[in-house]
Amino acid sequence: MIRSAVEAADSESGGRVPVSVKFRLGIDDEHLTYIDAGRIAEAEGAAAVALHARTALDHYGPPARREAIAELKDVVVSIPVLGNGDIATADDALSMMRDTGCDGVVIGRGCLGRPWLFAELEAALCGRPPPFPPSLGEVADVIRRHVALLVESSGDVVRLAPFRKHLAWYLKGYPVGSELRKAAARVGTVDDVEAVLSRLDRDAPAPEGAAGFNRSHTDPLRRVALPDGWLDDPYELPALGSPLAVHSGG
Ligand SMILES: Cc1cc2nc3c(=O)[nH]c(=O)nc-3n(C[C@H](O)[C@H](O)[C@H](O)COP(=O)(O)O)c2cc1C
């Protein structure tokens, strides 16, 4: 699969599109595949690998296992190894790179409602002091831009219901008040969003420790659903009765 993707990207783009490969530790602790996956990706022409240092069974529950990223870095030597899991602040990124020797990090939940995390990371990686965390007014401006981009990309049909969770993440920790939070949880139109934003206290400063708030998934799984016979022999192609549902395991 990786070789096919690399060859297709090379031929379609004249070698300009790098293919990176991201994987988890494996299915569960009895089926750890990340070292094999890294070696294969490197051998088949991937430009970089990224390890989400949890198993599929871990889902988003336990902390990412940094020691596994360090181990992968020892094995994959000719392409960058990126670490992933639990990066919520620039300090998290620096400490992951220091602890594991990885070449960079991949951001997951840490940027939900906090897209300025990338500016903080850039400053930290360039040795500059972090930018000042945004006031509630600055957050409102980011939300307006996010909504404008959604409208621009969605054409005629603008569905803002899926945006409600982002609005909640943006406002987390700021002194918003329960009435406005309830209104934020019900927005359906751009005007609804504006009605919430226009009533925020623009001068309210960023809350302490906002980065640590839980966002999106946080749970482990009880079991991983796999095609029948999948684990019996890793080298045998399983016979799939019907096309697999396509979804990202993250
Ligand atoms: C809402 C959401 C969507 C995601 N979508 C993808 C995806 O499309 N592809 C992917 O490789 N990982 C995806 N992930 C997983 C993240 O890239 C990342 O591996 C994971 O969240 C672990 O990092 P974290 O602990 O910093 O959140 C997603 C995660 C979340 C929370």
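The values are calculated or read from the model by the stated rules, or taken from the named source; none is laboratory data. Remember, predicted model here, so these are calculated numbers, not experimental data. Don't worry about glycine lacking a Cβ; one is built from the backbone with ideal geometry, like all the others, and counts go over all protein chains shown.
The residue that is farthest from V224 (Cα to Cα), among those in the stretch 47-70 that are away from the ligand (no atom under 14 Å from the Cβ) and small (G, A, S), is A47. If you go through the stretch 184-218 and pick out every residue that is of a type in the set (A, V, I, L, M, F, W, C) and within 16 Å of the ligand (Cβ to nearest atom), you end up with 3.
Conditions (1) assigned to a loop (DSSP other than H, G, I, E, B); (2) surrounded by 15 or more Cβ atoms within 10 Å (Cβ to Cβ); (3) more than 16 Å from the ligand (Cβ to nearest atom); (4) assigned by TED's automatic domain parsing to the domain that holds V49, marked per residue:
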{"residue": "R98", "(1), (2), (3), (4)": "no, no, yes, yes"}
{"residue": "P131", "(1), (2), (3), (4)": "yes, no, yes, no"}
{"residue": "R144", "(1), (2), (3), (4)": "no, no, yes, no"}
{"residue": "V158", "(1), (2), (3), (4)": "yes, yes, yes, no"}
{"residue": "Y170", "(1), (2), (3), (4)": "no, yes, no, no"}
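Candidates K172, K182: the one that is in contact (Cβ under 8 Å) with a residue 12 or more places away in the chain and basic (K, R) is K172. Among the residues making up the stretch 182-223, those that are surrounded by 15 or more Cβ atoms within 10 Å (Cβ to Cβ), of a type outside the set (G, A, S) and not in a loop (DSSP other than H, G, I, E, B) are V190, D192, V193, E194, V196, L197. Consider G137 carefully, then state whether it is in contact (Cβ under 8 Å) with a residue 24 or more places away in the chain and touching a Lys or Arg at 6+ places or on another chain (Cβ under 7 Å). Taking the combined requirement at face value, the residue satisfies it.
Tell me, yes or no, whether the stretch 177-196 has at least one residue that is modelled with pLDDT of 85 or more, within 13 Å of L136 (Cα to Cα) and of a type in the set (A, V, I, L, M, F, W, C). Yes, some residue in the stretch 177-196 is modelled with pLDDT of 85 or more, within 13 Å of L136 (Cα to Cα) and of a type in the set (A, V, I, L, M, F, W, C).
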